[in-house]
Amino acid sequence: MTLKVAIVGCGKIADGHVEEIQKLGSRARVVAACDRELVMAEQLAVRYGIPTTYADASVMLATERPDVVHVTTPPGAHLFLAKQCVDAGAHVFVEKPLTLTYPESRELVEHVVAAKKKLTIGYSYHFEPPMNALRDLLARGELGDPVHVETFYGYNLDGAFGKALLADPNHWVHALPGKLLHNTIDHAIAKLIDFIPDDHPEVRAFGSVRRDKRYGDARDDLMDELRVVVRGGRTTAYLTFSAHARPVGHFARVYGTKNTAHADFNNRTVTLDIAPTIPSAVGRLVPAFQSAAAYLREGTKNLGRFADSKFHFFAGLGDLISRFYASIETDAPLPIAPRDILRVARMMDEIFEQLGQHRRSEMPGRASDHERVASPTAPLHGVDGGGGAS
Amino acid sequence: MKRLVTGSNGFLGVALVERLLARKTPGLRLLVRPGSERRRLDAVLAKYPGADVEIVSGGLGSPQEAARLLDDVGLVYHLAAALSGQAAEMFLGTVVASKNLLEAIAQKGTRPKVVLISSFGVYGVADLPRGHVVDESTPLEPHPERRDHYSHAKLRQERLFDEYRQKHGIPMTILRPGVIYGPGGGAMSARVGLRLPGMFLFLGGKNLLPLSYVDNCAEAICVAAEKARFDGDAYNVLDDELMTCDEYLRRYEREVERLRVLKMPFPIAMALSAGVAFYHRYSQGQLPAILTPYKTKTSWKGNRFTNAKLRGLGFAPIVPTDEGIARTFSYLRDRAAGAA
């Protein structure tokens, strides 16, 4: 059976979805591109040979009757559109963030479950080779029990998307409750779900604006640095989002009771920290060479992936789509459990609530322009609740 | 009546504003993006104190936003377009923005005239014989999906304008500049070759380079606004004296900087393109198809060009190509020295 797939929302990320779906061959076929702005649907259709275009999702659903719809619009429309697709009998792949809030996300998940349809979300890094390797290490017991996780997500505001949102005060990102952070940090939070199983871990967050004010509008308030501490029953985590640290990093470190693993998502390497096993100065000489050998092995693995044409930019997205379609085709378990999607949504809500609380509580003339501490009850790293000098 | 300039803070936009002010054009309304860096535009405006210029901070994000710009406007110079980014960004910045502007114009009782700045990129020359003279009757690109995103978006923009002209009777004329160059612009058109890490891949050979010095292009816009028929007619915008890619590169190396140049004759470029396109397909897009036989034929097979139709309107370049190149390379030399 070939799944009939439709794309709703024909912005930049839609390219990645269509490219990865088209790699699945006879398993799926993109039958329609839909965008409120028909020109956008048309450009996607022309470039990828999609046979039909629509400006109205309800017309598209009634006409094409797709098996799966990928909702790749800005997140403000996700809840409405995804429910509409489910009501029309389609399974839904929704880009991240799932919706604007945790209650909305819960509403959507419950709606999908009640309709006996399937839902997944665009946590593409969750299935990139480094994340798959981390999960394998955990499953094989090589890490022991996870004690602590660090997840770092760097961002380049000089990139295409950063430039676009800074150029336009009406860009949809500025209307999100968590603004730029809302559109990005679930990539970092989603990396925690395999290591912190708690339903409701404690979250403490603070964010700041490091850029100089330039525009005199909402763009100046866009936070570009975020630190979060997460405390579960047995495992803790640090999450860092930084638009200023260079190089633009993207990694996760998992500290286990047996080993510590470092997964670099930019370079697609996973290595274990080396502990000296030989005493004395000689023991301090050896680990550097062992580390070098580990990176050599990772580089060789990547070379093999490249030779096998399995080193694409959207490798994780492709894997996720394939697993999601398999769950539809064979009624297998979903690649990302709805519970995990909701745990991420709840953590995001808590982070933005804490950032917003602090913003609202700032006293004119007291708060620094460059520091917005989010947790009024538990300040971190010695930054106080808003009165600190800039 | 006002004259609205979209994209007035861009490379060509600033030159157009200067030409309009030099021609003592009254009632200019300049659209600039909020928060954008305006040093070059401000420097031009400073030369004409007391000029009748209104700067409006905004965009073309919706027909409503565009409508606010059109009060009392009798002529629109539409230069705003996306110059880089992925396809969706190009289409949003170029086609959707144009559609919003056209929707707003269509709603007006008295519709302003529009001068659209398009591009040579809209022509479909890949399958035309080498040496074909590209004039305004040359067919438009039949396979935009095989071209770069910029050309695809500009072609769709032109078609959109034509749709609105036919449906709403919006008076318009279209200018198609070649390679716009000048101080403040880029150094090397892809028609000459491609900059790779540590080397310059020279692909243009002895092909003619369709140059348009930025001040000459601005002058062409002014002339067209005054004299074109506004019935959807199109004009190539080129300098009178064109040079070959080879001449351009040699002079660049003499006057700006030495490059490590790898010359690639057209047949070899075609073979390489076929290889790149094959690997792109074989690997399912693991590396981008930056070269394909179709793109290579379009860019480097070699055409000739004419601006006769524009000259028929009375256009004459205000800066000779030799002087334009000298000014441009002087700027680029200073920039390179500053960077070093």
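A short reminder: the numbers here are calculations on the coordinates, not readings from a lab. In this text the structure is predicted, and so the values were computed from the model without any measurement. All Cβ positions, glycine included, derive from the backbone under ideal geometry; neighbour counts span all protein chains shown.
Can you give the helix-only mean residue ellipticity at 222 nm for chain B, where every DSSP H stretch with n ≥ 4 adds -39500 (n - 2.57) and the sum goes over all residues, rounded to the nearest 500 deg cm²/dmol?
Details: 12 runs with 135 residues, N = 340.
The helix contribution divided over chain B gives -12000 deg cm²/dmol.
How big, on average over all directions, is the shadow cast by the Cα convex hull of chain B, in nm²? Don't jump to the answer; show the numbers that get you there.
Details: hull surface 69.7 nm².
Average of the hull's projected areas for chain B equals 17.4 nm².
Among all the aspartates and glutamates, which ones have a C-alpha under 15 Å from B:Lys301's C-alpha, if same-chain residues fewer than 8 places away are not counted?
Partners found: B:Asp127, B:Asp246.
If we count other beta carbons within 10 Å of each Cβ, what is the order of A:Tyr102, B:Tyr331, B:Tyr181, A:Tyr295, fewest first? The partial results should precede the final answer.
On the way: A:Tyr102 20, B:Tyr331 16, B:Tyr181 28, A:Tyr295 13.
Sorted ascending by nearby Cβ count, the order is A:Tyr295, B:Tyr331, A:Tyr102, B:Tyr181.
As a footprinting exposure proxy, order B:Tyr294, B:Tyr213, B:Tyr77 by other Cβ within 10 Å, with the fewest listed first. Could the numbers behind the result be given before it?
Numbers: B:Tyr294 18, B:Tyr213 27, B:Tyr77 30.
Sorted ascending by nearby Cβ count, the order is B:Tyr294, B:Tyr213, B:Tyr77.
With the Cα gyration tensor of region A:101-208 in hand, give its eigenvalues times 5 under a square root as the equivalent ellipsoid semi-axes, listed largest first in whole angstrom.
Taking √(5λ) for each Cα gyration eigenvalue gives 28, 21, 15 Å.
Roughly speaking, what is the centre-to-centre gap between region B:106-164 and region A:260-321 when only Cα atoms are used, to the nearest Å?
49
Which entries of B:Lys2/B:Lys24; B:Lys206/B:Lys295; B:Lys24/B:Lys108; A:Lys4/B:Lys154 have Cα-Cα distances beyond 20 Å here?
On the way: B:Lys2/B:Lys24 13 Å; B:Lys206/B:Lys295 18 Å; B:Lys24/B:Lys108 27 Å; A:Lys4/B:Lys154 32 Å.
Pairs exceeding the cut-off: B:Lys24/B:Lys108; A:Lys4/B:Lys154.
In sequence order, what are the phi-derived ³J(HN,Hα) couplings for region A:2-18 according to the Karplus relation 6.51 cos²θ - 1.76 cosθ + 1.60 with θ = phi - 60°, rounded to whole Hz, with x for glycine and proline?
These are the phi-based 3J(HN,Hα) values: 9, 6, 8, 10, 10, 10, 10, x, 10, x, 4, 5, 4, 4, x, 4, 5 Hz.
If one computes the Cα centroid of region B:225-265 and of region A:243-257, what distance in Å separates the two points?
47
Rg and Dmax of the protein assembly as shown, using alpha carbons, in Å: what are they?
Rg then Dmax for the protein assembly as shown, in Å: 28.2, 89.
So which aspartates and glutamates can A:Lys12 reach, going by Cα to Cα under 15 Å and dropping same-chain residues fewer than 8 places off?
Cross-link targets: A:Glu20, A:Asp35, A:Glu37, A:Glu42, A:Glu95, B:Glu89.
Answer rounded, prolate or oblate for region A:129-268, using the Cα gyration tensor with square roots of eigenvalues a ≥ b ≥ c: rounded when a/c is under 1.5, else prolate when a/b is larger than b/c, else oblate.
Values: a/c = 2.73, a/b = 2.00, b/c = 1.37.
Because a/c hits 1.5 or more and a/b exceeds b/c, region A:129-268 counts as prolate.
Please report the projected area of region A:3-121's Cα convex hull averaged over all directions, in nm². It would help to have the intermediate numbers written out before the result.
On the way: hull surface 25.4 nm².
Over all viewing directions, region A:3-121 projects a mean Cα-hull area of 6.3 nm².
Going by how many other Cβ atoms sit within 10 Å of their own, how do B:Ser98, B:Ser36 line up, fewest first?
Values: B:Ser98 27, B:Ser36 12.
Fewest-to-most Cβ neighbours within 10 Å comes out as B:Ser36, B:Ser98.
Take the alpha-carbon positions of region B:171-314, form their convex hull, and give its projected area averaged over all directions (one quarter of the hull surface) in nm². Walk me through the numbers before you get to the answer.
Numbers: hull surface 42.6 nm².
Its average projected convex-hull area is 10.7 nm².
Using the reciprocal of the averaged 1/r over all distinct C-alpha pairs, how large is the Kirkwood radius of chain A in Å? Kindly include the intermediate steps, with their values, before the conclusion.
Numbers: mean 1/r = 0.0446 Å⁻¹.
About 22.4 Å, per the Kirkwood formula over Cα pairs.
Nearest 5 is fine: what % of DSSP beta bridges in chain B come out antiparallel, could you say? List each step's numbers first, then the result.
Working: 7 of 41 bridges.
The antiparallel fraction comes to roughly 15 percent.
Largest first and in whole Å, what are the equivalent-ellipsoid semi-axes of region B:144-223 based on the Cα gyration tensor, each being the root of 5 times an eigenvalue? Please list the in-between numbers first.
On the way: eigenvalues 179, 66, 20 Å².
They are 30, 18, 10 Å, listed from largest to smallest.
Count the lysine pairs in region A:129-268 whose Cα atoms lie under 22 Å apart, taking only pairs 8 or more positions apart in sequence or on different chains.
Details: A:Lys163/A:Lys179; A:Lys163/A:Lys213; A:Lys179/A:Lys191; A:Lys179/A:Lys213; A:Lys191/A:Lys258.
So the count of such lysine pairs works out to 5.
Antiparallel as a % of all DSSP beta bridges within the protein assembly as shown, to the nearest 5?
On the way: 38 of 99 bridges.
Antiparallel bridges make up about 40 percent of those DSSP assigns within the protein assembly as shown.
Please report the spacing between the Cα centers of region B:1-70 and region A:13-35 in Å, no decimals.
After rounding, the separation between the Cα centres reads 42 Å.
From the square roots a ≥ b ≥ c of the eigenvalues of the alpha-carbon gyration tensor of region A:1-72, which class results: rounded (a/c under 1.5), prolate (a/b over b/c), or oblate? Don't jump to the answer; show the numbers that get you there.
Working: a/c = 1.80, a/b = 1.19, b/c = 1.51.
Verdict is oblate for region A:1-72.
As a test, work out the antiparallel percent of DSSP beta bridges whose residues both lie in region B:70-207, rounded to the nearest 5. It would help to have the intermediate numbers written out before the result.
Working: 5 of 13 bridges.
Counting only bridges with both partners in region B:70-207, antiparallel ones make up about 40 percent.
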